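All remarks here apply to the structure that follows.
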Amino acid sequence: PYVGDLVVSLSRSGVGEVTLLDRPGFPLAEFGCSGDDVAATFDDGAPTDAEDACAAQPPAVFGRLRPNTALAGLASGSGDGVWRLVVRDASSQDVGALVRWCLRFDEAAAPPASPCCAAAGTPGCGVA
């Protein structure tokens with residue numbers, strides 16, 4: 001699907017839910033960002049808002065981006081608990097697939113240049 005159709009949220013059992021991405025480019029453009037693919041690291045300290053990301057070539061949303069809702073809202077003690085990523089397509093016109101995602105807790109390390117689950121089989125990564 002167009003990334004402008006996507007709403008992506010992350011939740012942690014017993015703590016709450018945050019919105020990472022909410023129809024980037026919308027309502028500025030009638031249908032939002034019309035590009036394909038997301039390859040992003042969401043980080044509260046990132047210099048760019050995820051909503052403002054829309055490249056002409058795939059991946060349309062990429063790099064280190066600040067989520068719609070601060071991830072700090074999910075920070076509480078250790079990273080224990082059930083984490084859930086929900087990707088919703090707000091339009092029924094297109095279809096797509098979540099290929100892989102991961103969750104990193106290493107605050108001291110700099111974010112990777114590419115998504116942390118770039119290769120299938122990387123420990124700690126969910127691969128569909």
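Please tell me if L65 is more than 18 Å from S11 (Cβ to Cβ) and within 13 Å of the chain's Cα centre (by Cα). The answer is yes for L65. Looking only at residues of region 10-45 that are touching a residue at least 60 places away in the same chain (Cβ under 8 Å) and among the small types (G, A, S), we find that the one that is surrounded by the most Cβ atoms within 10 Å (Cβ to Cβ) is A40.
Of the residues making up region 73-104, those that are loosely packed, with under 12 Cβ neighbours inside 10 Å and either of a type in the set (S, T, Y) or modelled with pLDDT under 75 (or both) are G77, S78, S92. Residue pairs whose Cβ atoms lie under 7 Å apart, separated by 6 or more positions or on different chains, with the first residue in region 73-93 and at negative phi and the second aliphatic (A, V, I, L, M) and open to solvent by 50 Å² or more (accessible area, probe 1.4 Å), are L74/V15; S76/V15; W83/L103; V87/L98. Of the residues T41, T69, T122, the single one that is modelled with pLDDT of 90 or more, among the β-branched types (V, I, T) and part of a loop (DSSP other than H, G, I, E, B) is T69. For region 15-35, the set of residues classified as modelled with pLDDT of 90 or more and more than 15 Å from A90 (Cβ to Cβ) consists of V15, G16, E17, V18, listed by residue number.
The set of residues in region 13-38 that are of a type outside the set (A, V, I, L, M, F, W, C) and part of a loop (DSSP other than H, G, I, E, B) comprises S13, G14, R23, P24, G25, P27, E30, G32, S34, G35, D36, D37.
Among the conditions (1) in contact (Cβ under 8 Å) with a residue 40 or more places away in the chain; (2) open to solvent by 70 Å² or more (accessible area, probe 1.4 Å); (3) under 18 Å from R100 (Cβ atoms); (4) aromatic (F, W, Y), the only one that Y2 does not satisfy is (3). Pick from region 47-64 the residues that are assigned to a strand (DSSP E or B) and within 12 Å of L21 (Cα to Cα): which of them is least open to solvent (accessible area, probe 1.4 Å)? Looking at the filtered set, the residue picked out is V61.
The values are calculated or read from the model by the stated rules, or taken from the named source; none is laboratory data. All values derive from a computational prediction rather than experimental measurement. We place every Cβ from the backbone using ideal geometry, glycine too, and count neighbours over all the protein chains shown. What goes into the accessible areas is simple: the full protein's heavy atoms, side chains included, and nothing from ligands, DNA or RNA. Shrake-Rupley method; radii C 1.70, N 1.55, O 1.52, S 1.80 Å.
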